[in-house]
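Trainee: Right, I'll just put the structure down here and ask away after.
Laboratory data are not the source of any read-out in this text; all were calculated from the coordinates shown. This structure is a prediction, so every number in the text was calculated from the model and none was measured. For neighbour counting, all protein chains shown are included, and Cβ atoms are generated from backbone atoms with ideal geometry for every residue, glycine included.
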Amino acid sequence: MNWTTVLQLALRALWRNKTRAMLTTLGVVIGVGSVIAMLGIGSGAQQRIAAQLASMGTNSLVIRSGSVTRGGVRTGAGGITTLTRDDADAIAELPDVVAVAPSLRDTAQVRYRGTNWGTAIQGVTPDYTIVRSWPLAEGEFITRRHVLGASHVCVLGQTVARELFGLTSPLGESIVIKGMACQVIGVLTEKGATAWGSDQDDAIFAPITTVQRKIKGITHIERIELEASDREASFRLIKEIKRLLRQRHRLREGQPDDFRMYNRAELAETSEESARVFTWLLGSIASVSLLVGGIGIMNIMLVSVTERTHEIGIRMALGARQRDILWQFLLEALVLSTAGGVLGIFLGLGGALAVARFSALPVTVTPVSVLVAFLFAGLVGVFFGLHPARKASQLRPIEALRYE
Amino acid sequence: MNAAPLLQIRDLQKAYVLDGVTIQALRDIDLNVEPGEFVAIMGPSGSGKSTLMYILGCLDVPDAGNYQLHGQDITRMDGDQLATLRNREIGFVFQNFNLLPRTSALENVETPLIYAGIGKTERRKKARATLERMGLGERLYHLPNQLSGGQAQRVAIARALVTQPSLLLADEPTGNVDTATSAEIMTLLDELNRQEGLTIVLITHEQEVAKHARRRLFLRDGRLEMQA
């Protein structure tokens, strides 16, 4: 008996029970479809997180002024005024520190002629663009001279530039921040949203001294970001900076830190790890439905073997050998599962496209996930088809013939 | 004359267990069937007819004794060898036709050729020719439930003959049809035996049917007796 003949027998047998065959296949269709769609959503999220982490600079550390408890009242982060630009300069002296960017932040309603826009004002130094790996789109960034002179200049994020100036170039124009006229000297490129969804482009950057003295009226800073030479150095620098700052802030043993440190490398690893876990989780939930689909195949094949016992007896009387019966039933199961696999691929792609279209989630269906889902479906067919097929082939001819 | 019998049975025994009771279905059976013979095996129900028929048809194996078909010792064969032997040497005609359900007459007749490994075109040709010989040229694509009892049994005979077997085993072939159809089927078997030299072993409990055979044997309590 050759393959095409066995396949024809299998197809004909399935055709005689069209509705049943289709319903059985449906289980696999949904299983394969959801595996593909879920893996697509998972790896889409993974890629998005990777892109965001890359945009933040993964070897960077963030130091923020910490909270303090005074008479039982705990101020939030930033409530302490001990972090200064001198701290930043001291940190810059440490080995393996590539760049340091002290900053502070305020919010203000910004005006340009008839329009206005509420946004964040960041006081920064020239190294800010290096630490954030954030290039300029046009013009120039804040220079050392601007910082020394507390100049009335600013650089716009893309969102602010668009909201205040539309399509015209803001270079050389003057905007008003809290009653202070400020000349626009540059515009940054688009950076996108952070991992937690805030728009990084919705900000104005001014010399740190300008924001300290002329906008907020303070002498301390709120934040120091720094770029380490590599990931390992960033982990080592955490300890060194901690020691350095405690010493500079004259903290005694037992006193809590008056600053907080975040390691973006650590954050990156955590996020990447959780994205991977997320993908696995989605994938395994979907695999369960594929497994259920496989059990559906086995169930129907077992019913079919019992129902067709007499037919199997007739075939044996006519000269069918064990392997002829085995292959017929195994092929029936395989046809069901692979047909389900093919349809499931389309369902999965369609589902992934629909999710990508109707939600903000990015979806990436990789050829590998399609191939894996399809092969898994085939495996399910063999695995769950083998038992019923063996059962059919091992029937004794006279018992099968007598069965009514 | 050809000295070798087509079928040679010596001292055959078969018992089976039913509800914990061992029943000796066949005892000390000796039987020779020469090529071209038409033998009827008669007996009341429970006499062991069906058991003998299954063993003759290589669907079951004896507990003891010797059975040679066309010079081949079937007691030494495994399941697949028996399947091949059934396919090549034996054509079955059953009381309840045993056609494959929801399968056309043509495909039913093709089935043994599939297991013989014959290609599709030749299969079709042979199956069609055999059905036409049975006068069923108009019924090729009918399903079993669209055929009368006589037509169904003729499809079954066509299916038994399409492989050109050396032995036709008919188990109560007229058990499920009316008297007129019964006569028609027996005439067909007579013709096949006389004109084509087909060896037939017929199992029946009806005297009328058994009369068509040229030799009649009687099975009683598992023992085979000659009958005048």
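Trainee: Taking the Cα centre of the protein assembly as shown as the origin and placing charges on Cβ (Lys, Arg +1; Asp, Glu -1), which of B:I185, A:I297, A:G348 is farthest toward the positive end of the dipole?
Mentor: Positive-end residue among those listed: A:G348.
Trainee: Same structure again: Can you give me the angle between helix A:18-56 and the longest principal axis of chain A, using Cα atoms only, in degrees from 0 to 90, rounded to the nearest 10?
Mentor: Between helix and principal axis, roughly 20 degrees.
Trainee: Modelled label-to-label distance, A:E140 and A:R276, 7 Å Cα→beta-carbon offset: nm?
Mentor: 4.6
Trainee: If you don't mind, another one. Roughly speaking, what is the stretch gain from B:R220 to B:D178, that is 0.36 nm per residue apart minus the C-alpha to C-alpha distance, in nm to one decimal?
Mentor: 12.4 nm is the gain from fully extending B:R220 to B:D178.
Trainee: Please compute the average number of Cβ atoms from other chains found within 10 Å of each residue's Cβ in peptide B:77-84.
Mentor: That average works out to 4.
Trainee: What does the charge dipole of the range A:81-257 about its Cα centre add up to, to the nearest 20 debye, if the Cβ of each Lys and Arg holds +1 and the Cβ of each Asp and Glu holds -1?
Mentor: Roughly 660 debye, rounded to the nearest 20.
Trainee: What are the residues whose amide H is under 5 Å from the amide H of A:A137, where those residues sit 5 or more places off or on another chain and H is modelled from the backbone?
Mentor: A:V187, A:L188, A:T189
Trainee: Something else: Would you list the P(r) distribution for the protein assembly as shown, with all Cα-Cα distances sorted into 20 Å bins from 0 and each bin expressed as a whole %?
Mentor: Taking all Cα pairs of the protein assembly as shown, the binned fractions are 15, 28, 16, 13, 15, 11, 1 percent.
Trainee: Related question: Given a Förster distance of 35 Å, report the FRET efficiency between A:R113 and A:I218 from their Cβ-Cβ distance, rounded to the nearest 0.05.
Mentor: Rounded to the nearest 0.05, the efficiency is 0.70.
Trainee: Sticking with this structure for a sec: Sorted by packing (mean other beta-carbon atoms within 10 Å per residue), highest first, where do B:47-58, A:257-268 land?
Mentor: Peptide ranking by packing, descending: B:47-58, A:257-268.
Trainee: Cut-off under 19 Å on the C-alpha distance; same-chain residues fewer than 8 positions from A:K178 excluded. Which lysines are left, in chain and number order?
Mentor: A:K214, A:K216
Trainee: How high is the relative contact order of chain B, given as a whole-number percent (alpha carbon pairs under 8 Å, six or more residues apart)?
Mentor: Relative contact order for chain B comes out at 29 percent.
Trainee: Return the FRET efficiency for the residue pair B:E206, B:R102: r is the Cβ-Cβ distance, R0 is 25 Å, and the value is rounded to the nearest 0.05.
Mentor: 0.20
Trainee: Also, quick follow-up: Hey, got the dipole for the protein assembly as shown? About the Cα centre, +1 on K and R Cβ, -1 on D and E Cβ, debye to the nearest 20?
Mentor: 1500
Trainee: With point charges of +1 on the Cβ of Lys and Arg and -1 on the Cβ of Asp and Glu, referenced to the Cα centre of the protein assembly as shown, which listed residue (B:F97, A:T4, B:T199) lies farthest in the positive direction of the dipole?
Mentor: With unit charges placed on the Cβ atoms, the residue in question is A:T4.
Trainee: In addition: For helix B:79-89, what angle does its Cα long axis make with the longest principal axis of chain B, in degrees from 0 to 90 and rounded to 10?
Mentor: The angle comes out at about 60 degrees.
Trainee: Over all residues in A:303-315, what is the mean tally of Cβ atoms on other chains that come within 10 Å of each residue's Cβ?
Mentor: Across A:303-315, the average partner-chain Cβ count within 10 Å equals 2.
Trainee: Among A:I238, A:I185, A:A90, which residue has its Cα positioned farthest towards the positive end of the charge dipole of the range A:81-257, with +1 placed on the Cβ of Lys and Arg, -1 on the Cβ of Asp and Glu, and the dipole taken about the Cα centre?
Mentor: Working it through, the farthest residue towards the positive pole turns out to be A:A90.
Trainee: To continue, here is another question. Apply the Debye scattering formula to the range A:81-257, with a single equal point scatterer on each alpha-carbon and no solvent, then give log10 I(q)/I(0) at q = 0.18, 0.19, 0.20 Å⁻¹.
Mentor: Summing over Cα pairs of the range A:81-257 leads to -1.16, -1.25, -1.34.
Trainee: May I ask for the net charge around A:D257, where only other residues with Cβ less than 10 Å from the Cβ of A:D257 are counted and Lys, Arg are +1 while Asp, Glu are -1?
Mentor: +2
Trainee: Summarise the partner chain shielding of B:112-118 as one whole number: the mean count of Cβ atoms from other chains within 10 Å of each residue's Cβ.
Mentor: Mean inter-chain Cβ contacts per residue within 10 Å come to 5.
Trainee: Hey, another quick one. Give me the lysines in straight-line cross-link reach of B:K211: C-alpha distance below 18 Å, same-chain residues under 8 apart excluded.
Mentor: The qualifying lysines are B:K49.
Trainee: Calculate the spin-label point distance for A:H387 paired with B:T121, positioning each point 7 Å from the Cα along the beta-carbon direction, and give it in nanometres.
Mentor: Those two pseudo-labels are separated by 4.5 nm.
Trainee: Another question about this same structure. If r is the Cβ-Cβ distance from A:E240 to A:I130 and R0 is 25 Å, what FRET efficiency results, to the nearest 0.05?
Mentor: 0.75
Trainee: Let me ask something additional. Modelling each spin label as a point 7 Å along the Cα-to-Cβ direction, I'd like the A:R12/B:T84 distance in nm, to one decimal.
Mentor: 2.4
Trainee: If you build the Cα gyration tensor of the range A:283-372 and take the root of 5 times each eigenvalue, what three semi-axes come out, in whole angstrom, biggest first?
Mentor: In descending order the semi-axes read 39, 12, 10 Å.
Trainee: Continuing with the same structure: In whole Hz, what ³J(HN,Hα) sequence does the range B:127-133 give by Karplus (6.51, -1.76, 1.60; θ = phi - 60°), x for Gly and Pro?
Mentor: These are the phi-based 3J(HN,Hα) values: 4, 4, 4, 5, 5, 5, 4 Hz.
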